Amino acid sequence: MLKKFFITCSGVDKNLLNSCSNGEQNKYVGIGATVFFTAVMATIAGSYALFTVFDNIYTSIFFGIIWGLLIFNLDRFIVATIKKRDNKWKEFLQASPRILLAIIIAIVISKPLELKLFEKEINQVLLTEKNQMTFDNKTQIAAQFIPEIAKINSEIDALKEEITTKETETNTLYETYIAEAEGRKGTKLLGKGPVYKEKREKHDAALAELKQLKETNLEKIKAKELAITALQKDQKLYESKTQPIISNFDGLMARVNALSKLPWLPSFFIFLLFLAIETSPIFAKLISPKGEYDFKLEEQESAVKTWVKQQVTQREEMLKADININKKVYEDISTEEEIYAYKQKMARNLMKLQADSFYNKQQKML
């Protein structure tokens, strides 16, 4: 049963192969098995590649099977159409388009498995890139908010500086009237005289202004701090909206780019492995010696070509004979008086009808 299946995979003429020896049949069983397992590998690789795109196992398996069947049909067709010739160079030229296609397919099906084999290393590269992208993203977002926050902070500092300046002025006035009362400065008279009262009044006025300034500026500072808090919330909100995009930066293209940043030699050998697998059906057919099946197939095709050529030649000869016979028949008929008189009579009647028709048309016009 398995033997019949692999023979079917090889694309040979079963009836013709059944008349060959077991050794010849086993050769094509091997070729058919190579075609089949190449398609299996293509199915697995294609399914994984599509899984990285769709992230759905059922969709990936479905389209992976279609991809595998496509490769199977293509390999089976190529193997079946490669004819063994006496010249190996002609056989290679015949298979060269398929070999070129095999290189392309090998690249396509090797990449997904490379991504799986080097998944941990790729994840490390992606993590580094995500961290850098997160840092750059925060820096770019902060650049949009920092100038406004810095401006508000400078305004807050100015308000605080205004309070500090007023406090210094008030403290100076306090020290002045206390020194006047103690006789250390000013009039240097001990006691609370008129000068003391004047300086005390200035201090009290400045103290009242300081109190009012504190109330006003503290309200302004509170409002500006709320504005800073709102800006910081907007900044964090914007970061939270953009972070999922960075977190999901692990698609197929991102992984392929990450793979390209790893050492190239392991990937190259995996590519060579899949190239060998993909081209194995063709090379299995090319390196196999010309055997009993090939001779019988060549004999069968030669017989068909001969038969077709014979049929074409016979039809050409029949056509020539028929043309000669028809020519001779019509030449003999053309010399008969009866045919001549009949045609003369019909021509005369036709000319009369034409003359009558022309006369009637002219009469209607007049």
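Nothing in this text is a laboratory measurement; each read-out follows from the coordinates by a stated rule. This is a predicted model, so every value here is computed, not measured. As a convention, Cβ positions derive from the backbone with ideal geometry for all residues, glycine included, and neighbour counts pool all protein chains shown.
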ask   = Once both axes come from the Cα atoms, what is the angle between helix 57-81 and the longest principal axis of the chain, in degrees from 0 to 90, rounded to 10?
value = 30 degrees
task = Tell me what the chain gives for mean residue ellipticity at 222 nm when only DSSP H runs of n ≥ 4 count, each as -39,500 (n - 2.57), the sum divided by the residue total, rounded to 500 deg cm²/dmol.
result = -32000 deg cm²/dmol
query = Using a Gaussian network model of the chain with C-alpha springs under 10 Å, which one of Lys90, Lys130, Lys345 is most mobile by mean-square fluctuation?
reply = Lys345
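Return the subset of Lys83/Lys111; Lys90/Lys305; Lys160/Lys202; Lys3/Lys90 for which the Cα-Cα distance in this structure is over 25 Å, preserving the input order.
On the way: Lys83/Lys111 33 Å; Lys90/Lys305 21 Å; Lys160/Lys202 23 Å; Lys3/Lys90 30 Å.
Flagged as over cut-off: Lys83/Lys111; Lys3/Lys90.
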inquiry  = Roughly how far apart, in whole Å, are the Cα centres of segment 282-350 and segment 141-174?
reply    = 109 Å
key: Under 22 Å from Lys361, Cα to Cα: lysines that are on another chain or at least 8 residues apart   = Lys352
inquiry  = Spelling out what I want: for every residue of segment 201-211, take phi, set θ = phi - 60°, compute 6.51 cos²θ - 1.76 cosθ + 1.60 (Karplus), and round to whole Hz; glycine and proline get x.
reply    = 5, 4, 5, 4, 5, 5, 5, 5, 5, 4, 4
remark   = Expressed in angstrom, Rg and Dmax over the Cα atoms of the chain are 50.9, 174
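Within segment 293-366, which GluC sites (Glu not before Pro) sit in a loop by DSSP and count at most 11 neighbouring Cβ atoms inside 10 Å? Walk me through the intermediate numbers first.
Values: sites: Glu298, Glu299, Glu301, Glu316, Glu317, Glu331, Glu336, Glu337, Glu338; in loops: Glu336.
Within segment 293-366, the qualifying GluC sites (Glu not before Pro) (loop, at most 11 other Cβ atoms within 10 Å) are Glu336.
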key: Ranked Asp332, Asp13, criterion: other C-beta atoms within 10 Å, fewest first   = Asp332, Asp13
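Calculate the translational D of segment 24-82 in whole µm² s⁻¹ from Stokes-Einstein, where the hydrodynamic radius comes from the Kirkwood formula applied to all Cα pairs, the temperature is 25 °C and the viscosity 0.890 mPa s.
204 µm²/s
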message = Rg and Dmax in Å for segment 1-158, alpha carbons only: what are they?
response = 27.8, 104
key: Diffusion coefficient, µm² s⁻¹, Stokes-Einstein with Kirkwood Rh over alpha-carbon pairs of segment 229-300 at 4 °C and 1.567 mPa s   = 72 µm²/s
inquiry  = Residue by residue through segment 251-262, what is 3J(HN,Hα) from phi via Karplus (6.51 cos²θ - 1.76 cosθ + 1.60, θ = phi - 60°)? Round to whole Hz and write x for glycine and proline.
reply    = x, 4, 5, 5, 6, 5, 5, 5, 5, 5, 8, 8
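Using the Kirkwood radius built from alpha carbon pairs, what does the Stokes-Einstein equation give as D for segment 221-366 at 37 °C and 0.692 mPa s, in µm² per second?
On the way: Rh = 28.5 Å.
The diffusion coefficient I find is 115 µm²/s.
Given Cα pairs under 8 Å that are at least 6 residues apart, what percent is the relative contact order of the chain? It would help to have the intermediate numbers written out before the result.
Values: 268 pairs, mean separation 83.1, N = 366.
RCO, the chain: 23 percent.
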inquiry  = Suppose the Debye formula is applied to equal point scatterers at every Cα of segment 307-365; what is log10 I(q)/I(0) at q = 0.15, 0.21 Å⁻¹?
reply    = -0.68, -0.85
request  = Whole Å is fine, so just give me how far the alpha carbon centre of segment 198-254 lies from that of segment 1-76.
outcome  = 69 Å
Rounded to whole Hz, the Karplus (6.51, -1.76, 1.60) HN-Hα couplings of segment 18-29, x for glycine and proline = 5, 7, 8, 6, 4, x, 5, 5, 5, 4, 6, 5
message = Can you compute log10 of I(q)/I(0) for segment 42-128 with the Debye formula, treating each Cα as one identical point scatterer, at q = 0.14, 0.18, 0.25 Å⁻¹?
response = -0.63, -0.84, -1.17
request  = Just order 40-51, 149-160, 280-291 by mean Cβ neighbour count inside 10 Å, highest at the front, would you?
outcome  = 40-51, 280-291, 149-160
